[in-house]
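One structure below.
The values are calculated or read from the model by the stated rules, or taken from the named source; none is laboratory data. This one's a predicted model, so the numbers in the text were calculated from it and none came from an experiment. Quick reminder, even Gly has a Cβ in these numbers, built from the backbone with ideal geometry, and neighbours come from all protein chains shown. Heads up: the accessible areas ignore ligands, DNA and RNA and are worked out on the full protein's heavy atoms, side chains in. Shrake-Rupley method; radii C 1.70, N 1.55, O 1.52, S 1.80 Å.
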Amino acid sequence: MPISSADLVARLKKGDLRAASRLMSRAESNDDETLSSLGAIYRAAGRAHIVGLTGVPGSGKSTLVSKLVETIRKDGRRVGVIAIDPSSPFSGGAILGDRIRMTNLVMDEGVFIRSMATRGSTGGLARSALTAVDILDTVGFDVIIIETVGVGQDEVEIAKASHSTLVVSAPGLGDDVQAIKAGILEIADIHVVSKCDRSDSNRTITDLKIMLAMGVNIAIKDRGGKPLWQVPVVGTSSETGEGIDTLIATLDRHRDVHRTTELGEERLRNIAEYRTFKTAEDLLRSQFYKSTNKRIQDVVEQIARRELDPFTASNDLLKKIAF
Amino acid sequence: MSLPIRVLLAKVGLDGHDRGVKVVARTLRDAGMDVIYTGLHRTPEEVVNAAVQEDVDILGVSLLSGAHMTICPKIMRLLKDKDAEDTIVVVGGVVPDEDVIPLRDMGVKELLLQDTTPKEIVARLEKLVQERGPR
Ligand SMILES: Nc1nc2c(ncn2[C@@H]2O[C@H](COP(=O)(O)OP(=O)(O)OP(=O)(O)O)[C@@H](O)[C@H]2O)c(=O)[nH]1
Ligand SMILES: [Mg+2]
């Protein structure tokens, strides 16, 4: 008999890491017991500083995460990492390779790394990734970093569903600043230019600063009209360690602004709304497939012969979802 | 809709080849599994820590160096210590005939030797997870 999710939650609240990793796997099922356990975890969480980190493939995200974690650990804070990699559109399977850049962290009890694949359905990834964050938060991690590849709407939205979003750009990946091309310039609370040991990194930094000066980020102002946060550009090198301390100090400063001003209040409301929509979408989708699979088979023939149309048919099917 | 099988592939010991493991990784991905690869020269402790955090169904240990009779018992013991003995351990690589029974006795569920075809690997892993049942 598998252990009940409720028992796992009790163990989680006592700091049991094995319970944490098992619950992350359970979190993807939709039975009532699991859902109510996830609810309990959500309500217990809320202490940790959640950092979303995104950027185009190969920009140095995982190597940077590894450096960041190693350095944050020095002041005793415990750090969790959720590393999300794309899955194959053909088989749905995935090779999750971020962890290979973080091997220096694996023997540290104060670090927990979980790899995840972007699955087919949209609601699903947001739900499992952000639930994993809640689980790490509840079990006692102080900082939780979510790494996603900054292509694809889901991945970008997940990086945004955090308290502080880092967008990583790197020199040497083409002429333009990749964040602009990928359309992720606007979501950054902090821009990072990685690989600053390379001589061409200065240009990337300058380009980014010019873009920011042109006002892509609309600064949120306090009641006196003073911007609550100006988006900085921080250069880092995971090879030399340059800029890592500055980046952590900047992150901590952003966390404090987030926690003490309306910037954070608004952000938390947006995240709550996003999560509720995504969870509902995910539940709806799975209920729809469960209760519709057979019925669709009954009507496809008719639709194929154009005696019936997909619009009328889906409308009918939606009305018949069994909850 | 069942969740994909999660597999951690680890290269333990001194030998520096991982072409074989990478081929297996791709085969498993193409069969719809999630594969976490941890890189070369891992210690049993590192492998088990990663397997526990990732809550994998299967831990695949690849060994060419002939050290499996010292490494495998260590891995089995560490899994037990970490309350993760329901992890299915399979060994790949080169294993002499006389070690097969001792390895199975210590709880290694399957040996995937170099002549095992990709299709067979997938089938055997799927079967092992099915036999284990939900957890
Ligand atoms: N010179 C230099 N190279 C770096 C630095 N950081 C990462 N790299 C190299 O950049 C490549 C990509 O690094 P990753 O950390 O895997 O990048 P990533 O953004 O996580 O990649 P994906 O997860 O595949 O999107 C590797 O070959 C690293 O060795 C750095 O600070 N300086
Ligand atoms: Mg990465």
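So here's what we get for this one:
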read-out: Failed criterion for residue A:284 (all others in (1) under 22 Å from residue A:132 (Cα atoms); (2) assigned by TED's automatic domain parsing to the domain that holds residue A:69 hold); value: (2)
read-out: Tally of residues being open to solvent by less than 10 Å² (accessible area, probe 1.4 Å) and either within 11 Å of chain B (Cβ to nearest Cβ) or among the acidic types (Asp, Glu) (or both) across the stretch A:9-23; value: 4
read-out: Members of the stretch A:230-278 that are under 30 Å from residue A:28 (Cβ atoms) and among the hydroxyl-bearing types (Ser, Thr, Tyr); value: A:274, A:276
read-out: Close pairs (8 angstrom Cβ cut-off, 6 or more residues apart or separate chains): closer than 21 Å to residue B:54 by Cα and in contact (Cβ under 8 Å) with a residue 12 or more places away in the chain in the stretch A:71-85, in a loop (DSSP other than H, G, I, E, B) and within 16 Å of ligand 1 (Cβ to nearest atom) anywhere; value: A:85/A:97
read-out: Residue in the stretch A:94-108 that is touching a Gly at 6+ places or on another chain (Cβ under 7 Å), within 16 Å of ligand 1 (Cβ to nearest atom) and over 22 Å from residue A:246 (Cβ atoms) present; value: yes
read-out: Check on residue A:29, in the same structural domain as residue A:152 (by TED's automatic domain parsing) and either touching a Lys or Arg at 6+ places or on another chain (Cβ under 6 Å) or more than 16 Å from ligand 2 (Cβ to nearest atom) (or both); value: no
read-out: Filter result for residue A:6 (more than 16 Å from ligand 1 (Cβ to nearest atom) and open to solvent by 10 Å² or more (accessible area, probe 1.4 Å)); value: yes
read-out: Top-ranked residue of the stretch A:12-58 - restricted to ones that are β-branched (Val, Ile, Thr) and in a helix (DSSP H, G or I), ranked as farthest from residue A:291 (Cα to Cα); value: A:41
read-out: Candidates B:119, B:109, filtered to the one that is over 13 Å from the mean Cα position of the chain (by Cα) and open to solvent by 50 Å² or more (accessible area, probe 1.4 Å); value: B:119
read-out: Residue among A:223, A:275, A:259, A:295 that is buried (at least 17 other Cβ atoms within 10 Å of the Cβ) and more than 14 Å from chain B (Cβ to nearest Cβ); value: A:275
read-out: Pairs where the first residue, in the stretch A:245-257, is touching a residue at least 40 places away in the same chain (Cβ under 8 Å) and the second is part of a helix (DSSP H, G or I) and open to solvent by 10 Å² or more (accessible area, probe 1.4 Å), C-beta under 8 Å, 6+ apart; value: A:245/A:71; A:248/A:71
read-out: Qualifying residues in the stretch A:63-87 (those that are closer than 21 Å to residue A:24 by Cα and open to solvent by 10 Å² or more (accessible area, probe 1.4 Å)) - the one farthest from the other protein chains (Cβ to nearest Cβ); value: A:78
read-out: Residue tally, condition at pLDDT below 90 and in contact with a strand residue (DSSP E or B) (Cβ under 9 Å, 6 or more places away or on another chain), over the stretch B:101-135; value: 4
read-out: Residue in the stretch A:64-74 that is away from ligand 2 (no atom under 11 Å from the Cβ) and farther than 23 Å from residue A:169 by Cα present; value: yes
read-out: Helices (runs of 4 or more DSSP H) contained entirely in the stretch B:1-99, each with at least 3 residues that are crowded, with 22+ Cβ neighbours inside 10 Å and more than 14 Å from every other protein chain (Cβ to nearest Cβ); value: B:68-81
read-out: So residue A:118, is it in contact with a Pro (Cβ under 6 Å, 6 or more places away or on another chain) and hydroxyl-bearing (Ser, Thr, Tyr); value: yes
read-out: Qualifying residues in the stretch A:88-144 (those that are more than 7 Å from every other protein chain (Cβ to nearest Cβ), within 16 Å of ligand 2 (Cβ to nearest atom) and without any contact (Cβ under 8 Å) to a residue 40 or more places away in the chain) - the one surrounded by the most Cβ atoms within 10 Å (Cβ to Cβ); value: A:116
read-out: Breaking point among (1) on the phi < 0 side of the Ramachandran plot; (2) in contact (Cβ under 8 Å) with a residue 12 or more places away in the chain, for residue A:15; value: (1)
